[in-house]
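The values are calculated or read from the model by the stated rules, or taken from the named source; none is laboratory data. Bear in mind that the values here come from a model prediction, so they are computed numbers and not experimental data. Cβ atoms come from the backbone with ideal geometry, glycine included; neighbour counts cover every protein chain shown. Only protein heavy atoms, including side chains, enter the accessible area calculation; ligands, DNA and RNA are left aside. Shrake-Rupley method; radii C 1.70, N 1.55, O 1.52, S 1.80 Å.
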Amino acid sequence: MAASTSGPVLGGLLSLVSWRLIFFVNVPAGAAALVLLARTVRAPRYLAPFDWAGQVAAVAAMGGLTYGAIEAGADGITAAPVLAAFAVATAALAVFTVLQARGAHPMLPLSLFRYRTVSVAVATGFAFMTGYYGLPFVMSLYLQELRGLSALGTGLVFLPMMLAGGVLTPFIARLGERLGSRILIIAGLLAMTAGLTVIALLPAPVPVPVLSALMILVGLGGPLVMPPVMALLLEAVPARRAGVASGLFNTSRQVGGALAVALFGALLASRATFLPGLHDSLLIAAAAVLGAAAVSLLLKTGRAGASLH
């Protein structure tokens, strides 16, 4: 969460030298991650054949869906390439489901969804990222294109949002012990819903500091939602399925973020309709996050560390 929220600030600083550096910064970060991983204790290994067919079907489904969402903004939902992309995504998803149900060694055992916590976590991760990735995407464009801020100035607007999440993160474990994970998750999602909704409904000339302050509500959702959800997910599944469950959760998050950027980008495609597109994007994100809060009521947990499914 700290990495994603610090992106606008770091990107603004790097753009002072060259915007191309935003791509190279991933190299030292990735190298540092590999060094740290080499020093961690090895987890138990459960060998299984690689599910090539499942991988291809999953990539085709996600690729078709994302491409269709992106192109729909430029060509319209009824354009032939868009319909073809959605058709490929639908067919690939159907094939993937059959392969996972009947395969001897599926990459995603469908039995995982028998655990209520897994289903709730996947839905929450997907919806959460529509708001957490969607907000910086649309607001960065708004602040630079319509309000005239520089890349660095835009990054500084996001700074309070980043700092709020960073300050709260060290206290999440203690809050979870006192209040319970479900309360933290729902509180974080409701805070995000409130922030997204209010920003969407504000008049165009609202002062930039007001926007910056309201985005703190979205920033609080990071530490309040993601760590408790991940903890509950890993506690809910057998140890040998922890890696698969974690991968499924992270995939749902990335798909949610990618689709949010694709859909919101389509809504913002025309400068003439930029503000209505901005408002619609934020309200869509708010509705998705509110839905996740409602679904999270299905989590049955007392204090952090206890998970029922």
Next item on the list: Could you pull out every residue, at least 5 positions away or on a different chain, whose amide H is within less than 5 Å of the one on K300? Hs are placed 1.01 Å off N in the peptide plane, and Pro or chain starts have none.
Entry: L308
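Size of the dipole of the stretch 144-240 about the Cα centre, Lys and Arg at +1 and Asp and Glu at -1 on the beta carbon, nothing else charged, in debye to 20?
On the way: 5 positive and 3 negative charges, 33 e Å.
Value, rounded to 20: 160 debye.
Roll a 1.4 angstrom probe over the protein heavy atoms and tell me the percent of accessible area of the chain that is carbon or sulfur. List each step's numbers first, then the result.
On the way: 11200 of 15820 Å².
The nonpolar share, carbon plus sulfur, comes to 71 percent.
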Margin query: I need the shape label for the stretch 94-200. Rule: rounded when a/c is under 1.5, else prolate if a/b > b/c, else oblate, with a, b, c from the alpha carbon gyration tensor.
Written below: oblate
Next item on the list: Leaving out ligands and nucleic acids, note down the accessible area per residue over the chain with a 1.4 angstrom probe, in whole Å².
Entry: 51
Next item on the list: Beta carbons within 10 angstrom, averaged per residue: use that to sort the peptides 247-259, 280-292, 155-167, highest first.
Entry: 280-292, 155-167, 247-259
Item checked: Virtual spin-label span in nm between A104 and A79, 7 Å along Cα→Cβ -> 4.5
Margin query: Taking just the alpha-carbon atoms of the chain, what radius of gyration and Dmax come out, in angstrom?
Written below: 20.2, 59
Next item on the list: Just add up the charged neighbours of L112: K/R +1, D/E -1, any other residue whose Cβ is under 13 Å from the Cβ of L112.
Entry: +4
Margin query: Just to check I understand the Karplus step: with θ = phi - 60° and J = 6.51 cos²θ - 1.76 cosθ + 1.60, what whole-Hz values come out for the stretch 285-300, glycine and proline as x?
Written below: 4, 4, 5, 5, 5, 5, x, 5, 4, 5, 5, 5, 5, 6, 5, 10
Note to self: Given axes a ≥ b ≥ c from the Cα gyration tensor, I'd like to know whether the stretch 45-147 is rounded (a/c under 1.5), prolate (a/b larger than b/c) or oblate.
What the structure shows: oblate
Check: In percent, what relative contact order does the chain have, based on Cα pairs under 8 Å that are 6 or more apart in sequence?
Finding: 28
Check: For the stretch 150-156, what does the Karplus curve 6.51 cos²θ - 1.76 cosθ + 1.60, with θ = phi - 60°, yield as ³J(HN,Hα) per residue in whole Hz, taken in order and with x for Gly and Pro?
Finding: 6, 4, 5, x, 5, x, 5
Notebook entry, point to check: Using the Karplus equation 6.51 cos²θ - 1.76 cosθ + 1.60 (θ = phi - 60°), what ³J(HN,Hα) coupling, rounded to whole Hz, does each residue of the stretch 108-113 give in order, writing x for Gly and Pro?
Noted result: 10, x, 5, 5, 4, 6
